[in-house]
Structure formats: structure tokens, C-alpha cells
1. Tell me, what % of the accessible area of the range 184-252 is carbon and sulfur with a 1.4 angstrom probe?
2. Looking at the P(r) of the range 55-128, how many percent of alpha-carbon pairs lie beyond 21 Å?
3. Find out how many positive minus negative residues lie around A38, taking Lys and Arg as positive, Asp and Glu as negative, among other residues whose Cβ is under 9 Å from that of A38.
4. With the radius of gyration and the Kirkwood radius both derived from the Cα set of the range 222-287, what is their ratio Rg to Rh?
5. Any idea what angle helix 273-285 forms with the longest principal axis of the chain, computed on alpha-carbon atoms, 0 to 90 degrees, nearest 10?
6. Give the angle, between 0 and 90 degrees and rounded to the nearest 10, that separates the Cα long axis of helix 63-75 from the longest principal axis of the Cα atoms of the chain.
7. What whole-number distance in Å separates the alpha-carbon centres of the range 224-287 and the range 125-188?
8. Exactly which chymotrypsin sites (Phe, Trp or Tyr not before Pro) in the range 213-287 are in a DSSP loop and have at most 15 other Cβ atoms within 10 Å?
Amino acid sequence: MTQHMRILRPAAGILAYYDGRVAGQRFAAAANWVDDGALSLGIASYAIVDGDAALIYDTHISVAHARAIRRALTAAGVMRFSVVLSHWHLDHVAGTEAFADCEIIANVRTLEHLKAHQAAIESGTHDGPPGIVPLILPARTFDGTLSLNVGSIAVELHTFNIHSDDATVLYLPAQKLLLAGDTLEDTVTYVSEPEHLAAHLADLDRLEHLAATRILPNHGDPAIIAAGGYAPTLIDATRAYTERLQSRRLDADLRTAIAPELENGWVTWFAPYAVVHQQNIDRVAAL
């Protein structure tokens, strides 16, 4: 299951474990969340590493992926692991079992969502198969912000309502580096909570105020991630798209809808996001 996972090194002390965006790759023939929401778009989980300590940012799309990440880091000398969940969606929490003996951290909203939906997530009835069995819940929670150290690396955890109302991003102030989870995506944002678009826009402004100079999203172009990440204009692209979506001024054709952002080089074209774009339009229209 992990044969296409590759390790990218976007910055000193940062590893990205990337899977997906491989022609013909599928987890299963029938519809499932692993293919439809993760592998088809490409997905990364990250590790911040210093000495024998590592912070894992999301546990990937399966226990097999999470175990592979842990084995690779252990082989490199890591002995102390902690985990931060970016939010409660399945492609970010599926590998929690591999870190059951470690401290798993999430904001209070993430824990609330996971508790409320745990039975359905484990049975594979929440968002379809496969089920995540067992789903390990975070033992440590925070509200708002939290500061951690991974060895000598300072890491700030900040909560936002972008993509989901329980988003946690990681900001490394010394590097001005933002690990954005699903708050930002390339080619376009995935709107899972259209009723919160106004809150998303307000929090995009707040996200920008962190003043990151490089951005690493969970869903993005692996070549850009490997080269060090995205410029802050990824926030501008997300804001412009969200504003047009909210006002229902988006063309149904994705290339036309994001023509200014593509022309400016703020985002890149990846055809599978045309499906995401249509889903976004349909969800807003259903409000």
C-alpha cells in the first residue's frame, strides 16, 4: 500500500511523506475516501525532526503509511515521537494506531468531532470505507494556541476555521515556515463546510498575519513541496477563490474560474481539482 510513498525534504529538519498523484494508482476499485479525497489529489504528512525527537503532523491515510513513517524515522535515530492532528478528517487521522504509545495532540474541536463520529469512522460508515480500526483519540488538547519544542526547534500551534472548523496549523517562527494542513491547497481549496465561508475568509486574513514566507500544504504539488514550499500568495489565491465562490461568481470551468491565479503563478493546474471545484459550487448552491 505504501509503494508510491516518497520522502521529500523541503527544509532543514522537515520531511514530507507524500503519496498520490500517480497515474493509475488506486486503493480500491470501488469509490472510497482514500482515492477520492487523498490519493487522487496527492497528500503529505510531515515530520519535524531534531536529534532524537520528531513531531508528526498527521498520521497519513493508513496504518501502513504511519508505520512506514515511524520505521524510517526510527532508523534515522528518532526515539521520541509526538503527533499533532491538523483536523479530524479521515485522511489525516487514519494512521493513529501506529502512534498509540505516543502523545497525540489536537485542539478541543478536533477531539469533539472524533468522539462524536468515532463509531462511524471505525465501522466505515461515516464517509464510506475503509473503516479506521482502532481510531486512537488525542490524549492532549489545547484551545487557541500552544507552543512546543521539538529538540531545539520552536513550533507554534494555531487554530483556524478554514476548510474545517477545527483546523490546526504549525508555524516555525525561526524559519517563517507554515505547515498549513488543509487550510490551503493547490489547485483550489476543498470546501467541506460551505456554511462557514465567511469565517474562512476572516481566518485567511488571520493566517496571513503569521507572516510565513514559505507554506507547506498537505495537498499540493510534490515538486513545489520538495523545492521548499509555496509563496504566501497561496493565501491570496485561496482568498480570491473563496470570495468568488461565496458571491457565486465562479465559472463552472475551473481554468476560467482561477485564470488570474494561474496566470500569476500563485497556484498550478492539476486536472483532478475540477471535480473538487464542481463539488464546491454544488455545496454552496445547496445552502
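1. Numbers: 1350 of 2540 Å².
Carbon with sulfur: 53 percent of the solvent-accessible area.
2. Working: 635 of 2701 pairs.
The answer is 24 percent, as a whole percent.
3. Numbers: positive: none; negative: D19, D35, D36, D91.
Around A38, the charge tally is -4.
4. On the way: Rg = 12.5 Å, Rh = 12.6 Å.
On the Cα set of the range 222-287, Rg over Rh gives 0.99.
5. The angle comes out at about 70 degrees.
6. 50 degrees
7. Centre-to-centre (Cα) distance: 22 Å.
8. Working: sites: Y230, Y241, W266, W269, F270, Y273; in loops: W266, W269, F270.
Listed in order of number, the matching sites are W269.
The values are calculated or read from the model by the stated rules, or taken from the named source; none is laboratory data. Quantities reported herein were computed from a predicted structural model and do not represent experimental measurements. Note that each Cβ is placed from the backbone with ideal geometry, even for glycine, and that neighbours are counted across all protein chains shown. When the accessible area is computed, the model is the full protein with side chains, heavy atoms only, and any ligands, DNA or RNA have been set aside. Shrake-Rupley method; radii C 1.70, N 1.55, O 1.52, S 1.80 Å.
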